[in-house]
1. Fully extended, how many nm does the chain gain between Lys97 and Lys157 (0.36 nm per residue separation, minus their Cα-Cα distance)?
2. What aspartates and glutamates sit close enough to Lys72 to cross-link, taking a C-alpha to C-alpha distance under 15 Å and skipping anything fewer than 8 places away on the same chain?
3. Based on the Cβ-Cβ distance of Asp174 and Glu121, what FRET efficiency does E = 1/(1 + (r/R0)^6) give at R0 = 41 Å, to the nearest 0.05?
4. Students often get this wrong, so check it: of Lys92/Lys182; Lys54/Lys113; Lys106/Lys171, which have C-alpha atoms separated by over 31 Å?
5. Over the alpha-carbon set of segment 36-215, work out the extent along each principal axis and list the three values in angstrom, largest first.
6. Two decimals, Cα atoms only, Kirkwood Rh: what is Rg/Rh over segment 111-216?
7. What residues of segment 92-114 lie in the reach of a label at Ser214, counting those whose backbone N is under 18 Å from a point 7 Å from the Cα along Cα→Cβ?
8. Quick one: grab the alpha carbon gyration tensor of segment 39-97, order the square roots of its eigenvalues as a ≥ b ≥ c, and give me rounded if a/c is under 1.5, else prolate or oblate depending on whether a/b is larger than b/c.
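We did not get these values from a lab; they are worked out from the coordinates using the rules stated. The structure presented is a predicted model; accordingly, all values stated were derived computationally and were not measured. Please note: Cβ atoms are built from the backbone with ideal geometry, for glycine as well, and neighbour counts cover all protein chains shown.
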Amino acid sequence: MIRIILITFIIFVLNLATPKVFYHLSNQASFLVENIEIKDGDIIFQTSTSTQSKAIQVATHSKYSHCGIIFKINNQYFVFEAVEPVKFTPLKDWINKGLDKHYVIKRLKNANKVLSTSIIEKMKLATNQFKGKHYDIYFDWSDEKIYCSELIWKIYKGTTGIEIGNLEKLKNFDLNNIAVKKKMAERYGNNLPLNQKVISPVSIFNSPLLKTISSN
């Protein structure tokens, strides 16, 4: 009788534990949210699966082609990103749409000093300026349309005065690759704006002002 009770108890415990284990192993984003101390203003990077991703990777010599800012809203994590249109995307969905669901999260080294409650509120308010705008396929330096790394750079610059990443000119990138030439021809024809100001995902990624918080 004791043996039967013991076996029944073990089965009961296993039935309780199994869903949790499966949940964690099958839901990478939820696991990250529960076990990593993500903070408002963290910057997340991934390799996009978009049609232009390969050209961006080659031109900038970077694994990463897309990025966004993480904010916690109503106890849920979202990534504010420049896609079509600029929007908040649940963190879980954002990670799942990246290549191999790989991500890297970075944070200002002095975030505890700079990203005060009031600054975070300013950053969240600043999202209203860009939310709903069209994605900028031409990478113009204007607020009419906007691309992913430009969105991050401008929100940080506008609310903290900090410039994360070095601004470059289009001509500074590797434009000789066939994939890059094809994408550039589609966008600009024969009139390449070589002196156009640009901020790339890799420039933000490599900024000495940031430290890596999490990577899978």
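1. Between Lys97 and Lys157, full extension yields an extra 18.8 nm.
2. Answer for Lys72, where 15 Å is the Cα cut-off: Glu34, Glu37, Asp40, Asp42, Glu81, Asp93, Glu121, listed by chain and number.
3. Working: r = 40 Å, r/R0 = 0.97.
E(calc), rounded to 0.05, equals 0.55.
4. Cα-Cα > 31 Å for Lys92/Lys182; Lys54/Lys113; rest within.
5. Computed over the Cα atoms, the extents are 47, 33, 31 Å.
6. Working: Rg = 15.8 Å, Rh = 15.5 Å.
Ratio of gyration radius to Kirkwood radius for segment 111-216: 1.02.
7. The answer is 92-109, 111-112, whose backbone nitrogens lie closer than 18 Å to the label point.
8. Details: a/c = 2.55, a/b = 2.03, b/c = 1.26.
Prolate is the answer for segment 39-97, as a/c is 1.5 or above and a/b outweighs b/c.
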